[in-house]
């Protein structure tokens, strides 16, 4: 018999809880969460009149950076493939060998620069994901649409970039 009384107590407590509870409020989600991914036309160009680094801007720069990266990877692969096909280093003429060596050296330096640029593009894409893209890493000020259009991997405002370059030159002289 004591077992049934415990069960009844639990039931009565449950009933009182439902009576005491108020109706939960429905919380509406922000409009951005309800929307799907932002789509922009291929001819879209960010405007100064729009909110700086709005979703359209981020999508535009993400697409621009991804396309640039694809182009660089394709060009690097092509250069490496063609470079491996042209091998004049076995030539009997020493001048041809020297010329071939110089050409390959210049080509490899260009490829290395492009690999570094691909790394910078990856960092810029990461900043877009982190919502820090378009803002100076030193001052947190907006870099500006014109600068980003000209150099999508820019990390600093023009003033901060000049300061960095000046500091690099000073340290290089030491």
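Details
- Relative contact order computed over segment 41-130 (Cα-Cα under 8 Å; 6+ residues apart), in percent: 33
- Cα point-scatterer Debye curve for segment 48-173, base-10 log of I(q)/I(0) at q = 0.19 Å⁻¹: -1.03
- Extending 7 Å from Cα along the Cβ direction at residue 117 and again at residue 48 yields two label points whose distance is 2.8 nm.
- Value of D in µm² per second that Stokes-Einstein yields for segment 115-174, Kirkwood Rh from Cα pairs, at 10 °C (1.306 mPa s): 130
All of the numbers you see were taken from the coordinates with simple rules; none came from a lab. Keep in mind that this is a model prediction, so the values were computed, not measured. So basically every Cβ, Gly included, is an ideal-geometry build from the backbone, and we count neighbours across all protein chains shown.
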